Amino acid sequence: MSVRTFLTGSVAAVALTAGSLAVTAGTASAAEAAPKAGAAAAFTVWATDVNVRDNPQSPATCDGFPSPGNCPTVSGKLQPGQQFEARCQRKGETVSGNDWWVFIERGDSRGWIASYFVDTPSDQLPGVPVCGA
């Protein structure tokens, strides 16, 4: 399952309506999305102007192996102290010794950032699932 399919399904999977729980199909089944729907964790970056990368023409290329070459479109920039939601992470092109990339959402921006720039001591972010796992 692609990262975007998972996220679309996760967001659409659960809706609270008039005090009752309604489950919608979305693009991923509720069974697939349920264990990961609440998996977003908040983080910040330590560097200025960290690119949020995407590839609208070929999302599968970008999602399969995040890198500046595979994700050439900059859909936003993060600044120190700005919180973002880390949805999932996977290995991609190595940046300064760290090969983990994070699929993030912040406002209207969503896409990949190199984990190297996230303000945490670990290469792999704690509490964030591996994409597609």
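Would you kindly state how much longer the chain becomes between V130 and S75 on full extension, computed as 0.36 nm times their sequence separation minus their alpha carbon distance, in nm to one decimal?
Residue separation times 0.36 nm, minus the Cα-Cα distance, leaves 17.6 nm.
Taking amide H atoms as placed 1.01 Å from N in the peptide plane, list the residues 5 or more away in sequence, or in a different chain, whose amide H sits under 5 Å from that of R53.
Answer set, sorted by chain and number: S75, W112, I113.
Assuming R0 = 22 Å, can you tell me the calculated FRET efficiency for the pair W46 and E93, based on Cβ-Cβ distance, to the nearest 0.05?
0.70
Where a number appears in this text, it was derived from the coordinates with a stated rule and is not lab data. Computed from a prediction, not measured in an experiment: that's the story for all the values here. Note that we place each Cβ from the backbone using ideal geometry, even for glycine, and neighbour counts take in every protein chain shown.
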